[in-house]
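What follows is one structure encoded as structure tokens, with my remarks underneath.
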Amino acid sequence: MSPRARRLALPLLALAIGVIALGTAIYVTLLPRGGSSVSIGGPFALTAGDGRTVSDRDLRGAPYLVFFGFTHCPDVCPTKLFQLSEVLRAMGDGGQKVRALFITVDPERDTPAIMKSYVSSFDERIVGLTGDREAIDKVVRDFRAFAKKVPTKDGDYTMEHTGLVYLMGKDGQFIGSFNLERPPEEAAKDLLRRV
């Protein structure tokens, strides 16, 4: 083997292992319910911006979407919430029962009032939810999501978190990851089939 080929072999091997690990993680996390004992989602009771408690039982009867994030997020969260807003608007009157939950992974900063103010910039069917650290950690675990506090150089912190949008069925059971990387009208048709 030439020296150049040896220099390329290690990074390519590392890349291949990383792709396999990522694929396995996605498969295990998002495997639909019917084919496995893997469970995604579960009971929760969190606080909305108006102070009322919202539970998984309140959402039964219509599909709903779940996205984990935080209000200090510079790019991923506002982008996903904008995309969700566009899909909900594209659903028209047929999607009035559908809700999208924006569950904070940063409850220390994201109070009910802050969540209410933040989601007011998006579609009214997006509900911002928060709770105490224990309740948030439980929901994150139940959805097999990821959230981690990362200190910044200025003494503050940011949050790393799962960027997936979870699609839950009328019965509250996990259906799969919901693709927002397509025209809103196409995504809206997908959701309307499940209403």
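In the neighborhood of V98, defined by Cβ-to-Cβ distances under 14 Å, what is the net charge if each Lys or Arg adds +1 and each Asp or Glu adds -1?
Result for the local shell: +3.
Neighbouring Cβ atoms within 10 Å as the yardstick, rank K116, K153 fewest first. Walk me through the numbers on the way to the answer.
Numbers: K116 16, K153 5.
The most exposed by this proxy come first: K153, K116.
For R193 and H72, FRET efficiency with R0 = 30 Å and r from the beta-carbon atoms, rounded to 0.05? Kindly include the intermediate steps, with their values, before the conclusion.
Details: r = 35 Å, r/R0 = 1.18.
Plugging the Cβ-Cβ distance into 1/(1 + (r/R0)^6) gives 0.25.
Could you put M91, M115, M159 in order, starting from the residue whose Cβ has the fewest other Cβ atoms within 10 Å?
Lowest to highest Cβ neighbour count: M159, M91, M115.
So if I take the centroid of the Cα atoms in region 170-192 and the same for region 93-142, what is the distance between those two points in Å?
When both Cα centres are located, 18 Å separates them.
Rounded if a/c is under 1.5, else prolate if a/b is larger than b/c, else oblate: which is region 94-142, with a ≥ b ≥ c the root eigenvalues of its Cα gyration tensor? Let's see the in-between values first.
On the way: a/c = 3.55, a/b = 1.48, b/c = 2.40.
Because a/c hits 1.5 or more and a/b fails to exceed b/c, region 94-142 counts as oblate.
Apply the Karplus curve 6.51 cos²θ - 1.76 cosθ + 1.60, θ = phi - 60°, to the phi angles in region 118-124 and return the couplings in whole Hz, x for Gly and Pro.
5, 6, 5, 7, 10, 4, 5
Would you please name the GluC sites (Glu not before Pro) within region 116-195 that are DSSP coil residues with at most 15 other C-beta atoms within 10 Å of their C-beta?
Details: sites: E124, E134, E160, E181, E185, E186; in loops: E124, E181.
Loop-located and lightly packed - E124, E181.
Using the structure shown, select from K80/K153; K138/K170; K97/K149 the pairs with a Cα to Cα distance greater than 32 angstrom.
K97/K149
Could you list V105, V150 in order of exposure, starting from the residue whose Cβ has the fewest other Cβ atoms within 10 Å?
Fewest to most other Cβ atoms nearby, the residues stand as V150, V105.
Every number in this text was worked out from the coordinates using simple rules, so none of it is lab data. Fair warning: this is a prediction, and the values are worked out from it, not measured in the lab. Positions of Cβ are backbone-derived with ideal geometry, glycine not excepted, and every protein chain shown enters the neighbour counts.
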